[in-house]
Amino acid sequence: MEVLGHRVVSLFILNSIDFKIRTIELDGKRIKLQIWDTAGQERFRTITTAYYRGAMGILLVYDVTDESSFNNIRNWIRNIEQHASDNVNKILVGNKADMDESKRAVPTSKGQALADEYGIKFFETSAKTNLNVEEVFFSIARDIKQRLADTDSRAEPQTIKINQPDQGTGAAQAAQKSACCGS
C-alpha cells in the first residue's frame, strides 16, 4: 500500500501465487495495495515466508465450505508469527459466504471464535457477490494506517531542549543562569 509519496505496504491474501495491485481512496488519500494471493497452497509456504518480512497486513482466507482450509489457518498463523514482523495487521476472512447453508462446513461462530482467540478482526465474504470484499480491504488499510500513525506519533524527535528563564526572575539573573562561558 502506498500513501502517495510515503510507504509501500505489502498485503497477503493467503488463499498459485497471484499478484495484483489495487488502488483505493482512504481519508482523501490514494492508497496502493500490493496483493499477493497464495491460494493457501502448501507448496508456496517457503516462498511466502520471504514475503512475510515486508508485509504490513495479512488476510487469512479460508473457504466456509471446506473445513480443512479453516483448520489450516492455525498453521498459517504459526508461520506468520515466525516470519512476519510482530506488529503485522491480520484479518481472518471466511469466503464463499453466499453458499447455501447446507454446503457450509464452518459456521460463522467458529470463524469468529478463532479470530477472537488470536485477537484479530473477522469477516465473512463472497468473492462471487462481492459481499464484504471492499470492507475487508478498507478495514486492513485503515488498521495499517492507524498503526503507522501511532508509531510515528510515539517516535520522539531528536531535539535539543532549551529552557526559557522563569518570568519571575530578572534579566540579569536569567543571563547568569544561562551563560555557558565565563567572562
- Relative packing of 100-106, 126-132, which averages over residues the other C-beta atoms within 10 Å, highest first: 126-132, 100-106
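What FRET efficiency comes out for Ala105 versus Asn75 if R0 is 22 angstrom and r is the Cβ-Cβ distance? Round to the nearest 0.05. Walk me through the intermediate numbers first.
Working: r = 18 Å, r/R0 = 0.80.
So the FRET efficiency works out to roughly 0.80.
If you add up the charges near Ser109, with Lys and Arg at +1 and Asp and Glu at -1, over every other residue whose beta carbon is less than 15 angstrom from its beta carbon, what do you get?
On the way: positive: Arg104, Lys110; negative: Glu67, Glu101, Asp116, Glu117, Glu124.
Result for the neighbourhood of Ser109: -3.
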- Rounded to whole Hz, the Karplus (6.51, -1.76, 1.60) HN-Hα couplings of region 80-86, x for glycine and proline: 4, 4, 7, 10, 9, 5, 4
- Item | Taking Tyr52, Tyr118 and counting other C-beta atoms within 10 Å, the order from fewest to most | Tyr118, Tyr52
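Where a number appears in this text, it was derived from the coordinates with a stated rule and is not lab data. Being a predicted model, the structure only gives us computed values, none of them experimental. Neighbour counts run over all protein chains shown; Cβ positions are idealised from the backbone, glycine included.
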